[in-house]
Amino acid sequence: MNGEPPSGLLTIRTVAMPADLNSEGDVFGGWLMGQMDIAGGMAARRRSRGRVATVAVDAMQFHLPMKLGDELCCYCFETRIGRTSMTYRVEAWVECYDGRPPFMVTQGSYTYVAIGPDGRPRPVPPLET
């Protein structure tokens with residue numbers, strides 16, 4: 001918001017469809033949170049090189065409504081890497097079909113844990129240099 005560009009890597013893009021709207025014509029907050037979770041999970045899966053599970057969603061802030069046909073762009077920025085967990089700031093931005101400039105609709109902090117073949121937490125591999 002406030003004219004600043006999105007933080008992080010563009011992870012997913014999708015369009016709000018009629019089934020994603022409430023009776024007032026705004027996108028359901030739960031749909032938006034779900035898309036953000038998918039984006040964060042993709043970033044965490046890429047970073048951990050394997051299966052992950054969401055363990056926490058913190059600090060959600062909804063700024064502006066999203067409408068039918070708006071293009072949702074989720075950007076992920078790694079904020080913390082633990083032994084088995086990863087936390088991402090996920091920003092949800094809208095690119096409008098009507099020519100309005102892009103704007104942030106919400107942001108949140110999502111934490112994932114790396115999961116091994118046995119279904120238990122596993123270490124997050126170090127970054128390759």
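The values are calculated or read from the model by the stated rules, or taken from the named source; none is laboratory data. Note that this is a predicted model, so its numbers are computed, not measured. In this analysis, Cβ positions are derived from the backbone assuming ideal geometry, glycine residues included, and neighbour counts consider all displayed protein chains.
Taking the criterion of being assigned to a strand (DSSP E or B) and either surrounded by 22 or more Cβ atoms within 10 Å (Cβ to Cβ) or more than 13 Å from the chain's Cα centre (by Cα) (or both), the residues of the range 95-104 that qualify are E95, F103.
Residues of the range 30-57 that are in contact (Cβ under 8 Å) with a residue 60 or more places away in the chain, among the small types (G, A, S) and surrounded by fewer than 18 Cβ atoms within 10 Å (Cβ to Cβ): G50, A53. The set of residues in the range 50-73 that are modelled with pLDDT of 95 or more and within 26 Å of P121 (Cα to Cα) comprises G50, R51, V52, A53, T54, V55, A56, V57. Residues in the range 108-120 include none that are part of a loop (DSSP other than H, G, I, E, B), surrounded by 15 or more Cβ atoms within 10 Å (Cβ to Cβ) and not charged (D, E, K, R).
Test V27 against the stated conditions and say whether it is touching a Pro at 6+ places or on another chain (Cβ under 9 Å), without any contact (Cβ under 8 Å) to a residue 40 or more places away in the chain and buried (at least 21 other Cβ atoms within 10 Å of the Cβ). No. Across the range 9-23, the number of residues qualifying as over 9 Å from C74 (Cβ atoms) and surrounded by 15 or more Cβ atoms within 10 Å (Cβ to Cβ) comes to 4.
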